[in-house]
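**Q** Input: one structure, supplied below.
The values are calculated or read from the model by the stated rules, or taken from the named source; none is laboratory data. Keep in mind the model is a prediction, meaning the values are calculated, not measured. Note that we place each Cβ from the backbone using ideal geometry, even for glycine, and neighbour counts take in every protein chain shown.
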Amino acid sequence: MTYVWLSVAFLAVAIGAGAILARVSTARAGETGGAGSHWRAVSLTALALVALTAVFDSLMIAAELFHYDPAHTLGVTIGLAPVEDFAYPIACAALLPGLWLVLARSRREYRLLGKDGLLRQALVASRPVSWINTAFPFAAAMLLTTREIDWVLIVGAIYFLVPYNLAMYGINDVFDYASDIRNPRKGGIEGALLAPPLHRPMLWLAAITNIPFLIVLMLAGGPVAWFSIAVSAFAVVAYSAPGLRFKERPVIDSVTSSTHFVSPAIVGLALAGATPTAGLTLLLVAFFLWGMAAHAFGAVQDIEPDREAGIGSIATVLGARRTVRLAIVVWAVAGLVMLFTPWPGPLAAIVAVPYMVNCARWWNVTDANATKTNISWRRFIWLNYASGFVITMILILAWSLGP
């Protein structure tokens, strides 16, 4: 598949969907002249994004941070960036405003599009603030291995950005409803409170948006990729689905949760044909330990609603104090493991420190006030962005040092 066909398909879907969503929203609102002003704004936004893409893509290509395979492009460039690269900012400019208009509406008559409709709740359930946590490991793993952007990387990044998170968190919100209705933190950036009528549609939506991507990614890889994709998909379902419910198996719950974030990187490595090395293994081990610590600490705040709903977790079994201390120790071990990775990997060891400091204030927390750890959990969410910036800088350094 060439970049041009992928770009055309992406543009067609985005522009078509954006036009439909904008038309529905303005028509229902009874706005006059709404469509014209909407598309003028979209055009200006697209022009700005195209200009920014031309500048920054050219700079990154000139710095040899990545390149495109000439065999898969038309050969037409703006600056140094191939013309196909501009499909994605244009698609975002066309689609996102229309999506925003629909999701911002609060009329309850829209079963699919209203405030309490499926699409709005699906967006909340997918935890947009955390999308990057799964897309970034996949894209970084592929890009650092192949050192080029191809259609597999683009399709995989899109999958792990949105559909994957919709499945992971949407399935969880469906089957955790019994505890979520007792949990005051649900209904915002920390997850949706899905009304029972939306449960079956949410499961169908997760299946419909995930299966096509999984098939395409499997067709793009070999046996190793098939296995890693299967493990990743199984972990997403097994964590929450009845009959498996790994989230109710202490320690296994943290292992499965960490798999949710490490497996995208492993899938990326498998699709890129990466060669296993001791350094790469240590890096993945450190990442896995980080994920286990993050899950364990996150489970502390839910001890009360989980126990009321009869849901077991590493935190309900060990108790708040032991779980917090365990999370700090595991983060420390993750940092130590990074010290033994090839340069510049040891620089990433410092990333463990802010998480340990953020968690340390709850060293003596009790089950009775475990819900207060939500203060640090919300800070943890934003710490991920700061850590992602540091990791990105280290990856750029690793790139400049060569394979």
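**Q** Can you tell me which residue in the range 330-352 is nearest to the chain's Cα centre (by Cα), limited to those that are β-branched (Val, Ile, Thr) and over 26 Å from residue 401 (Cα atoms)?
**A** So the residue we want is 330.
**Q** Show the residue pairs meeting these rules: Cβ distance below 7 Å; 6+ apart or different chains; first residue within the range 118-147 and at positive phi; second residue small (Gly, Ala, Ser) and buried (at least 18 other Cβ atoms within 10 Å of the Cβ).
**A** Once the first residue is at positive phi and sits in the range 118-147, its partners that are small (Gly, Ala, Ser) and buried (at least 18 other Cβ atoms within 10 Å of the Cβ) give 127/191.
**Q** On the basis of being of a type outside the set (A, V, I, L, M, F, W, C), farther than 25 Å from residue 232 by Cβ and assigned to a helix (DSSP H, G or I), does residue 305 make the cut?
**A** Answer is yes for this residue.
**Q** Moving to a separate point now. Looking at (1) over 23 Å from residue 383 (Cβ atoms); (2) in contact (Cβ under 8 Å) with a residue 24 or more places away in the chain; (3) in a helix (DSSP H, G or I), which one does residue 281 not meet, given that it meets all the others?
**A** If we test residue 281 against (1) over 23 Å from residue 383 (Cβ atoms); (2) in contact (Cβ under 8 Å) with a residue 24 or more places away in the chain; (3) in a helix (DSSP H, G or I), just (2) comes out false.
**Q** Test of understanding: among 77, 2, 26, which residue is crowded, with 17+ Cβ neighbours inside 10 Å, of a type in the set (Val, Ile, Thr) and modelled with pLDDT under 75?
**A** 26
**Q** On to the next question. Out of all the residues in the range 212-227, is one or more in a helix (DSSP H, G or I), among the small types (Gly, Ala, Ser) and more than 18 Å from the chain's Cα centre (by Cα)?
**A** The answer is yes, given that some residue of the range 212-227 is in a helix (DSSP H, G or I), among the small types (Gly, Ala, Ser) and more than 18 Å from the chain's Cα centre (by Cα).
**Q** May I pose another question? Could you please tell me which pairs satisfy a Cβ distance under 9 Å, a separation of 6+ or placement on different chains, a first residue in the range 81-93 that is more than 20 Å from residue 69 (Cα to Cα) and surrounded by fewer than 20 Cβ atoms within 10 Å (Cβ to Cβ), and a second residue that is modelled with pLDDT of 85 or more and not aliphatic (A, V, I, L, M)?
**A** Every condition considered, the pairs that remain are 92/45.
**Q** Turning to a different aspect of this structure: Could you identify the single residue in 300, 329 that is in contact (Cβ under 8 Å) with a residue 40 or more places away in the chain and either closer than 23 Å to residue 227 by Cβ or among the hydrophobic types (A, V, I, L, M, F, W, C) (or both)?
**A** 300
**Q** Do we find that residue 360 is over 20 Å from residue 291 (Cα atoms) and over 22 Å from the mean Cα position of the chain (by Cα) in this structure?
**A** So residue 360 does not fit the description; no.
**Q** Can you name every residue in the range 375-399 that is of a type outside the set (Val, Ile, Thr) and closer than 12 Å to residue 343 by Cα?
**A** 395, 397, 398, 399 - these are the residues of the range 375-399 that are of a type outside the set (Val, Ile, Thr) and closer than 12 Å to residue 343 by Cα.
**Q** Kindly indicate which of 201, 242 is in a helix (DSSP H, G or I), over 21 Å from the mean Cα position of the chain (by Cα) and touching a residue at least 60 places away in the same chain (Cβ under 8 Å).
**A** Every option except 201 fails the conditions.
**Q** Another question, then. Which members of the range 364-403 meet the condition of being more than 29 Å from residue 66 (Cα to Cα) and of a type in the set (S, T, N, Q)?
**A** If the condition is that a residue be more than 29 Å from residue 66 (Cα to Cα) and of a type in the set (S, T, N, Q), then 364, 366, 369, 371, 373, 374, 376 are the ones that fit.
Results for (1) modelled with pLDDT of 85 or more; (2) buried (at least 18 other Cβ atoms within 10 Å of the Cβ), shown as yes or no for each residue.
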| position | (1), (2) |
| --- | --- |
| 115 | no, no |
| 121 | no, yes |
| 124 | no, yes |
| 134 | yes, yes |
| 153 | yes, yes |
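**Q** OK, next. Would you mention how many residues in the range 51-89 are in contact with a strand residue (DSSP E or B) (Cβ under 6 Å, 6 or more places away or on another chain) and part of a helix (DSSP H, G or I)?
**A** Residues that pass the stated criteria total 3.
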